[in-house]
Amino acid sequence: MDYLDLYLIHQPFGDIHGSWRAMEELYKAGKIRAIGISNFQPDRVMDIITFNEVVPSINQIETHPFNQQTEVHQFLKENNVQIESWGPFAEGKNNLFQNEVLRTIAEKYSKSVAQVVLRWLIQRGVVAIPKSVKKERIKGNFNIFDFELIPTDMESFGILDLKVSSFIDHRNPEIVKWMGSTKLDI
Ligand SMILES: NC(=O)c1ccc[n+]([C@@H]2O[C@H](COP(=O)([O-])OP(=O)(O)OC[C@H]3O[C@@H](n4cnc5c(N)ncnc54)[C@H](OP(=O)(O)O)[C@@H]3O)[C@@H](O)[C@H]2O)c1
């Protein structure tokens with residue numbers, strides 16, 4: 001292919017400024033429609049914004065009911081970076097699909113837990129990229145535009161927020177070191 005819609009830096013490690021400048025060139029040449037970042041905390045986002053020309057179009061970060069990213073989301077809004085959720089279902093961790101709070105809300109709207117979680121995300125202005133290998137689930141995960149969660153139900157999600165990653169801490173030096181050790185020699 002000779003054109004990409006979106007290209008991201010996966011993690012805030014290594015030569016991110018070199019990568020970003022190469023991506024800016026491709027963006028300016030019209031080869032990539034939008035360029036963005038992933039797993040960047042606000043200080044790293046500001047570093048990219050401050051020392052380069054193009055502001056990232058999105059920051060794809062872990063965002064789901066157990067890690068709601070409210071403060072990071074606010075920071076991204078103020079800096080014109082769209083938040084995008086990876087792991088919108090926390091990959092099923094903490095028994096997300098069986099969670100009582102979520103099941104109660106889902107039953108009220110005759111929707112699935114997956115659908116109310118996705119609806120909650122988009123009503124907050126979060127872009128979500130759910131993953132499923134099952135056709136019926138993929139269809140169901142798209143079917144979230146015929147209902148709206150009322151404010152009190154939106155607020156009910158608040159008590160689920162643990163405010164920590166269910167997977168990985170990108171600020172932990174040991175994680176950074178481990179990522180470096182898995183880097184492929186090309
Ligand atoms: N930028 C990053 O660092 C990063 C990190 C992780 C993931 N990602 C991306 O984020 C996207 C989301 O993937 P993810 O795997 O992390 O997490 P996810 O979407 O939160 O969870 C996927 C899990 O949920 C199940 N599922 C999906 N729809 C369902 C439904 N309607 N009912 C019940 N179960 C359902 C899937 O099972 P089935 O497949 O069996 O349906 C799978 O086990 C992917 O595109 C991935 O590449 C990015």
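Laboratory data are not the source of any read-out in this text; all were calculated from the coordinates shown. Please read all numbers here as calculations on a predicted model, not as lab measurements. Here Cβ is always computed from backbone atoms with ideal geometry, including for glycine, and neighbour counts include all displayed protein chains.
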- Item | Per-residue Cβ neighbour rank within 10 angstrom, fewest leading, Tyr3, Tyr27 | Tyr3, Tyr27
- Message: Within 10 Å of each candidate Cβ there may be at most 14 other Cβ atoms; applying that plus a DSSP loop requirement, which trypsin sites (Lys or Arg not before Pro) in the range 80-184 survive?
- Response: Lys131, Lys134, Lys163, Arg171, Lys183
- Item | Residue with peak Gaussian network fluctuation, the chain [Cα springs, cutoff 10 Å], from Asn172, Asn80, Asn143 | Asn172
- Mind listing the phi-derived Karplus ³J(HN,Hα) values for the range 144-151, rounded to whole Hz, using 6.51, -1.76 and 1.60 with θ = phi - 60°, and x for any glycine or proline? 10, 9, 10, 8, 9, 6, 6, x
- Task: Note the full-extension length gain between Tyr7 and Thr70 as 0.36 nm times their separation in residues minus their Cα-Cα distance, in nm to one decimal.
- Result: 20.2 nm
